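One structure is given below, encoded as structure tokens.
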Amino acid sequence: MQLVVGRIGRPHGVRGEVTVEVRTDEPGERFAPGARLVTDPASRGPLTVRQARWHKGILLLSLDGVDGREAAEALRDTMLVIDSADIAPSDDPDEFHDHQLIGLAVVNAEGESLGEVTDVLHHGQDLLVVKRPGRDDAYVPFVKALVPDVDLAAGRLVVSAPPGLFDLDA
């Protein structure tokens, strides 16, 4: 499974630097000088990082072979991906990578099916996107009080939802 670790945005300046929307907790490792970045679409890469720097909270990359604004513009909206097998498991039993959660069945404390995790959003608070058949998606804050049990081996997680969280569109 490929995981998106970044998305190339607009060019920065005229020398070929690109802005990157970072989608990884490890930007220092993923975008270190010399790192090879697999792209989606694959026809735009792989790309090798020549230099990485932060400017006003935005990651800027210089890439080998991208030497002007036009070349940088041609990479806009390119996704930077890694294989999930390349991610080391966490030593913390309560820490999970997004790819481990996506696809898990979501059940309540009684074991009734609520849906399936289709995405994890990172907006200050991690949110699980739960697809529910025939209904709108539900967004569940990924905190121990609401998600007391994650069982990767069983392929499910338990949500202890407050009243109304899964019934708002009923």
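Structure above, values below:
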| item | result |
| --- | --- |
| Cα lying deepest toward the dipole's positive end in the chain, options 72, 6, 20, charges on Cβ | 72 |
| Compactness of region 2-86 as Cα Rg over 2.2 N^0.38 Å, two decimals | 0.96 |
| Fewest-first sequence of 101, 61, 3 by Cβ atoms within 10 Å of each Cβ | 3, 101, 61 |
| Gyration tensor over alpha-carbon atoms, region 98-158, equivalent ellipsoid semi-axes in Å | 16, 14, 11 |
| Mean separation of Cα contacts under 8 Å (6+ apart) over length of the chain, as relative contact order % | 18 percent |
| Ranked 56, 131, criterion: other C-beta atoms within 10 Å, fewest first | 56, 131 |
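Readers should treat all values here as calculations from the given coordinates under stated rules, not as data from a laboratory. As the structure is a prediction and not an experimental result, all values here were calculated from the model. FYI the Cβ positions are ideal-geometry reconstructions off the backbone, even for glycines, and counts take in every protein chain you see.
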